[in-house]
Amino acid sequence: MSLIAMNLEIVCMTLGPVETNAYLVGNSLTKEAAVIDPSWDGHLILEQAQSRGWRIANIWLTHAHFDHFGGAAAVSDGSNPPPPVALHPLDYPLWRSGGGSKTFGIQMDPGPEPTVDFTDGQHIYLGDIEFHVQHAPGHSPGHVMLYCPEQGILFCGDVIFTGSIGRTDLPGGDYEVLMETIQDQVLTLPNETRLLPGHGLETSVLNERNSNPFLQGLGEV
C-alpha cells in the first residue's frame, strides 16, 4: 500500500512471522528513502525502492524486537552504500540479544549493528522532510516514535494500535510507563494526526481517543 502526502511517499509492507508493518518512506523530490522497521524479507523492501528509483539512505528502528529488524540484513546487503542503522541506546542490549527471536525459536541474521543513537527531541531528515524523534518507553525501554509534524503523521511502532496498545509482558515492558507515553505523547497531538503502527491498520488520534478501550479516561474527549 502506497500513501502520498506532499513530497513524502509511504509504502507500507506487512511482512514476517507476526505480520509487522515495514514502512519504506521516500522523498519524491530527492529520491532519498529510509526504512522504518525493516521487519522481514528485506529483498521485497529493496524491490519497492528500486522500482521507484529511490536510494535507501537510512534504516530507522522504532525498537529492537526481532520482528522490527528481521529484514535489515538484506536491505543493507542490497544497498550501496549500506545505510546506517539508528536505534535508541536503551534498546541496544535487546538488539544484541537477538530481539527475543530465540525465545520464539526463530533464527535470523540481525544485519548491521546500529551506529546512530536516537535521542529524545532529535530532528532527523529525509531530504527536506523533518521528523522528530520521541522517546516512547513502555513496550521496550528504548522505544521511539517518529513524528512528521508537517505531514501530521506519527510512526508509532508498538506503542498504540487500532483499538489496542503495545504488549508490556515482554522483558523491559512496563504497563504504567506505556500508558504515560500514550497520554503524554500521543493524545496531546492534533486529533487528525495519522497513526502508522507497527501492526495492523492505520488509525488516528481521534479514532483512538474515542474508541480504544484501553484509553478510557486518558486525555480529553
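The values are calculated or read from the model by the stated rules, or taken from the named source; none is laboratory data. Being a predicted model, the structure only gives us computed values, none of them experimental. In this analysis, Cβ positions are derived from the backbone assuming ideal geometry, glycine residues included, and neighbour counts consider all displayed protein chains.
Every residue in segment 171-189 that is over 28 Å from Ser101 (Cβ atoms) and in a loop (DSSP other than H, G, I, E, B), please.
The answer is Leu187, Thr188, Leu189.
Sort through Glu208, Glu192 and tell me the only one that's in a helix (DSSP H, G or I), charged (D, E, K, R) and touching a residue at least 24 places away in the same chain (Cβ under 8 Å). Show your work before the answer.
Details: Glu192 fails: in a helix (DSSP H, G or I).
Selected residue: Glu208, the only one of Glu208, Glu192 that is in a helix (DSSP H, G or I), charged (D, E, K, R) and touching a residue at least 24 places away in the same chain (Cβ under 8 Å).
For segment 16-61: of the residues being at pLDDT 95 or above, small (Gly, Ala, Ser) and outside any strand (DSSP E or B), which is farthest from Gly78 (Cα to Cα)?
Among those that are at pLDDT 95 or above, small (Gly, Ala, Ser) and outside any strand (DSSP E or B), it is Gly16.
Condition first: of a type in the set (A, V, I, L, M) and in contact with a Pro (Cβ under 6 Å, 6 or more places away or on another chain). Now tell me which residues in segment 108-133 satisfy that.
Within segment 108-133, just Val116 meets the criteria.
Looking at segment 101-125, which of its residues are in contact with a strand residue (DSSP E or B) (Cβ under 7 Å, 6 or more places away or on another chain) and among the aliphatic types (A, V, I, L, M)?
Of everything in segment 101-125, those that are in contact with a strand residue (DSSP E or B) (Cβ under 7 Å, 6 or more places away or on another chain) and among the aliphatic types (A, V, I, L, M) turn out to be Val116, Ile124.
Under 19 Å from Glu113 (Cβ atoms) and touching a residue at least 24 places away in the same chain (Cβ under 8 Å): which single residue out of Val25, Val11, Val35, Val18 fits that description?
Details: Val25 fails: under 19 Å from Glu113 (Cβ atoms); Val11 fails: under 19 Å from Glu113 (Cβ atoms); Val18 fails: under 19 Å from Glu113 (Cβ atoms).
Going through Val25, Val11, Val35, Val18 in turn, the sole match is Val35.
For the structure I just gave you, tell me whether Gly105 is touching a Pro at 6+ places or on another chain (Cβ under 8 Å) and among the small types (Gly, Ala, Ser).
Answer is no for this residue.
Of Glu202, Glu113, Glu192, Glu150, which residue is touching a helix residue (DSSP H, G or I) at 6+ places or on another chain (Cβ under 8 Å), surrounded by fewer than 21 Cβ atoms within 10 Å (Cβ to Cβ) and closer than 26 Å to Leu29 by Cβ?
Every option except Glu192 fails the conditions.
Between a first residue in segment 79-101 that is surrounded by fewer than 19 Cβ atoms within 10 Å (Cβ to Cβ) and a second residue that is among the small types (Gly, Ala, Ser) and not in a loop (DSSP other than H, G, I, E, B), which pairs have beta carbons less than 8 Å apart while being 6 or more apart in sequence or on different chains?
Within 8 Å, the pairs are Pro82/Ser76.
Hey, can you tell me all the residues within segment 34-70 that are more than 16 Å from Ile10 (Cβ to Cβ) and crowded, with 24+ Cβ neighbours inside 10 Å?
Trp40, Gly42, Leu61, His63, Ala64, His65, Phe66, Asp67, His68, Phe69, Gly70 - these are the residues of segment 34-70 that are more than 16 Å from Ile10 (Cβ to Cβ) and crowded, with 24+ Cβ neighbours inside 10 Å.
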